[in-house]
Amino acid sequence: MGNQADSSEYLRALMQDYKMKIKPLTAYLPWLQQATEKACVSNYSDRGIADNSISFPVYSSDFLNFIKACSVSGLMDRNYPYVYSRKAIKNHDEERRVIIGASWKEWDVLCGILSKYVLGGRTKSSLWAEGISEQIFYLTVSKMQEITDFWDGNVNNK
């Protein structure tokens, strides 16, 4: 009997930790749901820069604030390539399938997918644009919220 109570208390603490980590990110869910790549990313090409140089991406302040919130959330996993190889994720459809099917036991997988786009986008800017256009940011954060809300309700109702 004590083992089940310990397990329930552990789960409650774990979900509270997860909930606190994603709380700043969930504020962006309505924005992420409607965000488009075109609204978030544009290429700077003023003053004839395109004639003499390459243009560079400029991101919306909402998007950069979301990236910053992710970076300081405690959810980032620098070992995200391992998640992709372990789960054999090769494309956006497989990412979406894994995200949609994830439970609290795959929290590390969700963190790995989010990390790929947040951390990887710092050196390969196309990842940030893909994260928006392919709805990866939205799906991952909404799944994380769904998991914590589900367990919050179940653990508190017992």
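The values are calculated or read from the model by the stated rules, or taken from the named source; none is laboratory data. As the structure is a prediction and not an experimental result, all values here were calculated from the model. Positions of Cβ are generated from backbone atoms using ideal geometry, with glycine treated the same way; all protein chains shown enter the neighbour counts.
Being surrounded by 17 or more Cβ atoms within 10 Å (Cβ to Cβ) and either more than 18 Å from TRP128 (Cβ to Cβ) or modelled with pLDDT under 80 (or both) is the filter; apply it to region 27-45 and report the residue that is nearest to the chain's Cα centre (by Cα).
CYS40
Can you work out which of the residues in region 121-149 that are part of a helix (DSSP H, G or I) and farther than 19 Å from LEU75 by Cα is modelled with the lowest pLDDT? Lay out the reasoning, then the answer.
From region 121-149, those part of a helix (DSSP H, G or I) are 126-133, 136-149; that's our starting set.
From the residues that got through so far, the ones that are farther than 19 Å from LEU75 by Cα too are 126, 129-130, 133.
Working: SER126: 85, ALA129: 88, GLU130: 92, SER133: 90.
So, considering only residues that are part of a helix (DSSP H, G or I) and farther than 19 Å from LEU75 by Cα, the one modelled with the lowest pLDDT is SER126.
Determine, yes or no, whether GLU95 is without any contact (Cβ under 8 Å) to a residue 12 or more places away in the chain and touching a helix residue (DSSP H, G or I) at 6+ places or on another chain (Cβ under 9 Å). I'd like the intermediate steps shown before the answer.
Working: without any contact (Cβ under 8 Å) to a residue 12 or more places away in the chain: no; touching a helix residue (DSSP H, G or I) at 6+ places or on another chain (Cβ under 9 Å): yes.
In short, no.
Look at region 134-153 and say how many of its residues are of a type outside the set (S, T, N, Q), under 15 Å from ARG96 (Cβ atoms) and crowded, with 17+ Cβ neighbours inside 10 Å. So that I can check it myself, show each step before the final result.
Within region 134-153, the first condition is being of a type outside the set (S, T, N, Q), and the residues that meet it are 134, 136-139, 141, 143-144, 146-147, 149-153.
Restricting the remaining residues to those that are under 15 Å from ARG96 (Cβ atoms) gives 134, 136-139, 141, 143-144, 146.
In the following step, the residues that additionally are crowded, with 17+ Cβ neighbours inside 10 Å were identified as 134, 136-139, 141, 143-144.
Of the residues in that region, 8 qualify.
Which of the residues that make up region 76-120 are crowded, with 18+ Cβ neighbours inside 10 Å, within 12 Å of the chain's Cα centre (by Cα) and outside any helix (DSSP H, G or I)?
ASP77
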